[in-house]
Amino acid sequence: MVVGGAVLLALVGCSATGGRGSVSDGSGPELPAPPPTSAALPSTAASAERGLEDWPTEPTAAAAVPEVTSQVIGPGYTGGAYVSRLAATWGITPKERERIDFPGRPPVWHSSGVVRHGDTVMWIAALWSFDGELIYLTCQVTATAAKQAAFLRDCAGLDHPGARPAAAKAWLDGMKPRVDTAFAAAGGIQIYSPLLRSGPVASVLSKLSDPSLGGDAYELRSFGTGPS
């Protein structure tokens, strides 16, 4: 099961053809476990010298997205209470945090969980530094799910330092139609939104097609960028 396709390679320090580990969430399918804090979205070679400030301002396919490096969201910020509440609200049971070690990189902690209701899939994953500081939160949901909008809006409300939950939810509401339009025009190729920057965090909305997610699906990822 390739959950999120290219987006799960985002912020992980490997190319589109590079390897990655995987962990089971206990329900059968394997959920990819990304490496630690640096990572590249699949992109052209020329993008290697670009960063967050060069991120496209219109929804686009992966080739136009620059490499980025994620960081802890904030000193001492674990996001644990938020992630636990989010999971409980949506009936998701995350697996125990698992230590991930990659050569030449600091160890990190990873946890993920998935719930299925018929053809609807809801999935969350989080990555923490070895000290327990949150690096990113990812949510995915089947696009046709009756409550996908509410689920994504809940994910957008991450309570990190400098967060503006109302603004993040308004951004999400306005961005989804733009991503939908670009996704349809691209013939179902995975599409990434422009970034939302809020304090030390950036968020990106993606739409992709994956039969294991019930067809078309959305992914929302919020990740640390360092001081704004």
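Remarks
- Among the residues listed as LEU172, LEU127, the single one being closer than 16 Å to SER70 by Cβ and either at pLDDT 95 or above or over 19 Å from the mean Cα position of the chain (by Cα) (or both): LEU127
- Any hit, the range 204-215, residues being polar (S, T, N, Q) and open to solvent by less than 10 Å² (accessible area, probe 1.4 Å): yes
- Looking across the range 155-189, the residues that are in a loop (DSSP other than H, G, I, E, B) and touching a strand residue (DSSP E or B) at 6+ places or on another chain (Cβ under 7 Å) come down to LEU158, HIS160, GLY162, ALA163, ARG164, ALA186, GLY188, ILE189.
- Condition met for LEU127 (touching a residue at least 24 places away in the same chain (Cβ under 8 Å), touching a His at 6+ places or on another chain (Cβ under 7 Å) and crowded, with 19+ Cβ neighbours inside 10 Å): yes
- Top-ranked residue of the range 141-154 - restricted to ones that are under 16 Å from MET175 (Cβ atoms) and not in a helix (DSSP H, G or I), ranked as most open to solvent (accessible area, probe 1.4 Å): ALA143
- Evaluated against (1) crowded, with 21+ Cβ neighbours inside 10 Å; (2) in contact with a Ser or Thr (Cβ under 7 Å, 6 or more places away or on another chain), PRO66 falls short on exactly one condition, (1).
- The set of residues from the range 105-124 being without any contact (Cβ under 8 Å) to a residue 40 or more places away in the chain, surrounded by 13 or more Cβ atoms within 10 Å (Cβ to Cβ) and small (Gly, Ala, Ser) comprises just one member, SER111.
- Counting the residues of the range 190-228 that are part of a strand (DSSP E or B) and modelled with pLDDT under 85 gives 1.
- Just one of the listed residues (VAL201, VAL179) is open to solvent by less than 60 Å² (accessible area, probe 1.4 Å), in contact with a Pro (Cβ under 9 Å, 6 or more places away or on another chain), within 18 Å of LEU127 (Cα to Cα) and not charged (D, E, K, R), and it is VAL201.
The values are calculated or read from the model by the stated rules, or taken from the named source; none is laboratory data. Only a predicted model underlies this, so the values are computations on that prediction, with no experimental measurement involved. Here the Cβ is made from the backbone with ideal geometry for all residues, glycine too, and neighbour counts use every protein chain on show. Quick note on the areas: whole protein, heavy atoms, side chains included, nothing else; ligands and nucleic acids left out. Shrake-Rupley method; radii C 1.70, N 1.55, O 1.52, S 1.80 Å.
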